[in-house]
Amino acid sequence: MSTDLKDALFGYALRLGDTSLVLGHRLSEWCGHAPELEEDIALTNVALDLVGHARMLLTYAGELEGKGRDEDRLAYRRDVFDYRNHLLVEQPNRDFGHTIVRQFLHDAWSVELYERLCASKDETLAGIAAKAVKEVRYHVRHSGDWLVRLGDGTDVSHAKVADALGRLWPYTGEMFERDEAEQALVAAGIVPDPAEMKAAWTARVEAVLNDATLDRPADGWMQKGGRRGEHSEHLGYLLAEMQFLPRAYPDANW
Amino acid sequence: MDRKDWPLFEIFIRPKNGLSHKHVGSLHAADARMALDNARDVYTRRGEGVSIWAVPASSIAASDPSEKASLFDPADDKVYRHPTFYDIPADVKNI
Amino acid sequence: MYTQGLDAKTEQSAQPSPRLVTEQEAALQGRFQERVDAEEKIEPRDWMPEGYRRTLVRQISQHAHSEIVGMLPEGNWITRAPTLRRKVALLAKVQDEGGHGLYLYSAAETLGVSRDELVGQLLSGKAKYSSIFNYPTPTWADIGAIGWLVDGAAIMNQVPLCRCSYGPYARAMVRICREESFHQRQGYELMLALAQGTAEQKRMAQDALNRWWWPSLMMFGPSDDQSAHSAQNMAWKIKRFSNDELRQRFVDATVPQAEFLGLTIPDPELRFNAETGHYEFGAIDWTEFNEILKGNGPCNRERIEARRKAWDDGAWVREAAVAHAAKRKQRAMKKAG
């Protein structure tokens, strides 16, 4: 693999890893506080899967980079501007409906992504995708089912998820952005074309929104910047909390 | 405070192919599909199953323990239902 | 995680009330006790004395509440776990506690109480749960101490419960004990990393041991002569060993583990008695225990408030799910009809 391609793949793995980690973190904030015990356990399962994906992806990113950074070095010792996650997943938890909308918009993307990544010409990435795809298929079923229940539930639940959908929709454009580095990876058959994924994502999302009796928001101005390290104010607090111990005791092993 | 309980489902899991489903416990869910998902998350976290049945607890008909003697004791003395009841000379093979 | 420490004499008695017992009832009770003595399991629809049923509902639900409330002090560190490996381990552990709470509520429900009713008792402050979860977890080492000591004490209590006379409870406990086997190891491994780490980490570990040692001993409940239901519960085989027996077993198992860590147990009177083969330890200060039981622990209010908030915030979600299920049913009937 050429150096440029390797760099591009490093950035790509980092973006996927960071996105999984940050969303896993957000979901883990629910542990012990969900609306019902069964759902508490279910959300935690999704969180565990996501942190699991993050570990594989960050480990791989560290290998590609070749500077000796492992999963923890990458997760715990980078500041906001070095994080590459989508802005969608760093949005803080509001109510359960907001969490479900955020999760579904992400899951619908990740299932399309991992299904295609299984055929990646990069063996490691294909291997990670083969494991992850089974999990994210379940995630999208879980969040999609809940979105339908809440959308087509009571007036209160409908209003709440409709509001969340409006708030979060502007963060969905970023998932399908494509920069030069990614273009090269697409050309090399290593990653799927985001433009092609967008049609599949849209169809999937529209079908569920339809069952949920929710209107799809119009594609207006889209918030972007996550993949360049330009984040909302929320990520800093998330990292401050997550990284506290390794930052406070830099020489310690845990 | 809301006190509207989700219905109770009894959960049965097939531990692996070739075995029957076995009762493992119960849980609450608003509908059958949620019951299946919840059962997957609650009862198969360590790879305990390959198939799940979720049955509304209200749909289960159960025998009455006070009738245990009349229901089950009569089978105790029907030894002729068991192969060891019949004497076959040891020389006879494959039977 | 579980404690026997809830059956202090202050509690409402679960003994059968001293009303007249009919001849027929006496016969049923005799037959029941014979079955228990013969180690036969009692199943939900079998005849059982009212006191047995009430004791079980109380104990199983307290046990379930303890699991659920116990998610909070540990959950407190999920977002701050210092490595991704520690993060998934802790997340899986706290999730297990939720699962255990669920198995136990299920077992209690077989006795004719709904989970809703039991949760209502917890949220109203009427029901008790293990006092140990009213202590705070200010540092990361507390997660290690809870796994090592609190889960360690819980295992001592829970393993005998796998043979409890009530079938659904015993079966839930078998599942729980099997799943919990990683919890204590997780905690001890975490403590080991701290004890072998920097001076600051070691200090953190010692500090946590100092705070958790005595509360862990109190988890076994009052001394046998102070415990209200011991005799009856032993006869019913709901309980197999006395509080003091289990406490001694815990101390004997744990002291060498602390020595291996190079940490000091905060009890100047602790010493090994070569004759008996057991460790002798100092007197437990029950004043603090009783105050916490009364609601005056450092976190009693916060814990219940957190549970109440989760329940109240989730009300619209639970309602929506029920409403949606009803809509679906209606639509299906219309289609069929």
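The values are calculated or read from the model by the stated rules, or taken from the named source; none is laboratory data. A quick note: this is a predicted structure, and the numbers were derived from the prediction, not measured. Because the Cβ atoms are built from the backbone with ideal geometry, glycine has one as well, and the counts that use them run over all protein chains shown. We work out accessible area using only protein heavy atoms, side chains counted, and drop any ligands, DNA or RNA first. Shrake-Rupley method; radii C 1.70, N 1.55, O 1.52, S 1.80 Å.
For (1) in contact with a His (Cβ under 8 Å, 6 or more places away or on another chain); (2) free of Cβ contacts under 8 Å to residues at least 40 places away in the same chain; (3) under 17 Å from A:Ser28 (Cα atoms), each residue gets a yes or a no:
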{"residue": "A:Glu65", "(1), (2), (3)": "no, no, no"}
{"residue": "A:Asp72", "(1), (2), (3)": "no, no, no"}
{"residue": "A:Val101", "(1), (2), (3)": "no, no, yes"}
{"residue": "A:Phe104", "(1), (2), (3)": "no, no, yes"}
{"residue": "A:Val111", "(1), (2), (3)": "yes, no, no"}
{"residue": "A:Ala129", "(1), (2), (3)": "no, yes, no"}
{"residue": "A:Arg137", "(1), (2), (3)": "no, yes, no"}
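Just one of (1) touching a Lys or Arg at 6+ places or on another chain (Cβ under 8 Å); (2) among the small types (Gly, Ala, Ser); (3) more than 14 Å from chain A (Cβ to nearest Cβ) fails for C:Ala195. It is (3). Every condition in (1) at positive phi; (2) crowded, with 20+ Cβ neighbours inside 10 Å is met by C:Gly277 except one, and the failing one is (2).
Among the residues of the range C:195-217, is there at least one that is among the aromatic types (Phe, Trp, Tyr) and under 15 Å from the mean Cα position of the chain (by Cα)? Checked against the condition, which is being among the aromatic types (Phe, Trp, Tyr) and under 15 Å from the mean Cα position of the chain (by Cα), the range C:195-217 yields no hits at all.
Within the range A:193-213, the set of residues being within 26 Å of A:Asp145 (Cβ to Cβ) and outside any helix (DSSP H, G or I) comprises A:Ala212, A:Thr213.
Here's a check for you: in the range C:179-200, which residue that is among the polar types (S, T, N, Q) and within 17 Å of C:Glu97 (Cβ to Cβ) is surrounded by the fewest Cβ atoms within 10 Å (Cβ to Cβ)? Checked the range C:179-200; the qualifying residue surrounded by the fewest Cβ atoms within 10 Å (Cβ to Cβ) is C:Ser181. Considered as a group, the residues in the range A:120-173 that are in contact with a helix residue (DSSP H, G or I) (Cβ under 7 Å, 6 or more places away or on another chain) and outside any helix (DSSP H, G or I) include one that is farthest from A:Thr19 (Cα to Cα), and that residue is A:Thr154.
If I ask for residues that are crowded, with 21+ Cβ neighbours inside 10 Å and over 18 Å from the mean Cα position of the chain (by Cα), which ones from the range A:161-187 would you list? Those that are crowded, with 21+ Cβ neighbours inside 10 Å and over 18 Å from the mean Cα position of the chain (by Cα): A:Val161, A:Leu185. Quickly run through the range C:201-213 and pick out the residues that are under 18 Å from C:Glu288 (Cα atoms) and open to solvent by 10 Å² or more (accessible area, probe 1.4 Å). Across the range C:201-213, the qualifying residues are C:Asn210, C:Arg211. Annotation for the range A:130-146: at least one member residue is among the polar types (S, T, N, Q), out of contact with any Leu (no Cβ under 7 Å at 6 or more places or on another chain) and open to solvent by less than 10 Å² (accessible area, probe 1.4 Å).
When you go through A:Arg84, A:Arg69, A:Arg55 one by one, which is the residue that is within 14 Å of chain C (Cβ to nearest Cβ), within 25 Å of A:Ser232 (Cα to Cα) and either open to solvent by 10 Å² or more (accessible area, probe 1.4 Å) or among the acidic types (Asp, Glu) (or both)?
Within the list A:Arg84, A:Arg69, A:Arg55, the selection yields A:Arg55.
For the range C:257-273, the condition of being within 14 Å of chain A (Cβ to nearest Cβ) and either basic (Lys, Arg) or loosely packed, with under 15 Cβ neighbours inside 10 Å (or both) holds for none of the residues.
For every residue, the table says whether it meets (1) of a type in the set (D, E, K, R); (2) surrounded by 16 or more Cβ atoms within 10 Å (Cβ to Cβ); (3) assigned to a loop (DSSP other than H, G, I, E, B).
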{"residue": "B:Phe9", "(1), (2), (3)": "no, yes, no"}
{"residue": "B:Ile13", "(1), (2), (3)": "no, yes, no"}
{"residue": "B:Lys16", "(1), (2), (3)": "yes, no, yes"}
{"residue": "B:Val24", "(1), (2), (3)": "no, yes, no"}
{"residue": "B:Arg45", "(1), (2), (3)": "yes, yes, yes"}
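For the range A:229-239, a residue qualifies if it is under 16 Å from the mean Cα position of the chain (by Cα), surrounded by fewer than 18 Cβ atoms within 10 Å (Cβ to Cβ) and either hydrophobic (A, V, I, L, M, F, W, C) or within 14 Å of another protein chain (Cβ to nearest Cβ) (or both), and exactly one does: A:His234. Scanning the range C:137-162 for residues that are in contact with an Asp or Glu (Cβ under 8 Å, 6 or more places away or on another chain) and surrounded by fewer than 24 Cβ atoms within 10 Å (Cβ to Cβ) returns C:Thr137, C:Thr139, C:Ile155, C:Gln158.
Which pairs have Cβ atoms under 6 Å, sit 6 or more apart or on different chains, and link a residue in the range C:187-207 that is assigned by the TED database to the domain that holds C:Glu74 and at negative phi to one that is part of a helix (DSSP H, G or I) and surrounded by fewer than 19 Cβ atoms within 10 Å (Cβ to Cβ)? Once the first residue is assigned by the TED database to the domain that holds C:Glu74 and at negative phi and sits in the range C:187-207, its partners that are part of a helix (DSSP H, G or I) and surrounded by fewer than 19 Cβ atoms within 10 Å (Cβ to Cβ) give C:Ala195/C:Lys202. In summary, C:Arg307 fulfils each of the numbered conditions (1) away from chain A (no Cβ under 14 Å); (2) of a type outside the set (Asp, Glu); (3) surrounded by 17 or more Cβ atoms within 10 Å (Cβ to Cβ) with the single exception of condition (1). Among the residues of the range C:163-178, which ones are in a helix (DSSP H, G or I), surrounded by fewer than 23 Cβ atoms within 10 Å (Cβ to Cβ) and in contact with an Asp or Glu (Cβ under 9 Å, 6 or more places away or on another chain)? Across the range C:163-178, the qualifying residue is only C:Gly167. The lone criterion from (1) open to solvent by less than 20 Å² (accessible area, probe 1.4 Å); (2) within 29 Å of C:Glu39 (Cα to Cα); (3) touching a residue at least 24 places away in the same chain (Cβ under 8 Å) left unmet by C:Met218 is number (2). Checking each residue in the range A:147-160 for being of a type in the set (Ser, Thr, Tyr) and open to solvent by 30 Å² or more (accessible area, probe 1.4 Å) picks out only A:Thr154.
Candidates are the residues of the range A:72-81 that are more than 10 Å from every other protein chain (Cβ to nearest Cβ) and either part of a loop (DSSP other than H, G, I, E, B) or open to solvent by less than 10 Å² (accessible area, probe 1.4 Å) (or both); the one that is nearest to A:Leu245 (Cα to Cα) is A:Arg77.
In the range A:15-38, what residues are open to solvent by less than 10 Å² (accessible area, probe 1.4 Å) and free of Cβ contacts under 8 Å to residues at least 24 places away in the same chain? Of everything in the range A:15-38, those that are open to solvent by less than 10 Å² (accessible area, probe 1.4 Å) and free of Cβ contacts under 8 Å to residues at least 24 places away in the same chain turn out to be A:Ser28, A:Cys31, A:Gly32, A:Glu38.
Residues of the range C:13-32 that are away from chain B (no Cβ under 14 Å), surrounded by 15 or more Cβ atoms within 10 Å (Cβ to Cβ) and modelled with pLDDT of 90 or more: C:Gln29 alone. Count of the range B:59-78 residues, restricted to those that are exposed (fewer than 10 other Cβ atoms within 10 Å of the Cβ) and assigned to a helix (DSSP H, G or I), is 7.
In the range A:240-254, the residues that are within 7 Å of chain C (Cβ to nearest Cβ) and surrounded by 15 or more Cβ atoms within 10 Å (Cβ to Cβ) form Cβ pairs under 8 Å with partners that are among the acidic types (Asp, Glu) and assigned to a helix (DSSP H, G or I), at six or more places apart or across chains, as follows: A:Pro246/A:Asp72; A:Tyr249/C:Glu200; A:Ala252/C:Glu200.
For the range A:214-228, the criterion of a residue being within 14 Å of chain C (Cβ to nearest Cβ), in contact (Cβ under 8 Å) with a residue 40 or more places away in the chain, open to solvent by less than 70 Å² (accessible area, probe 1.4 Å) and not in a loop (DSSP other than H, G, I, E, B) is satisfied by no position.
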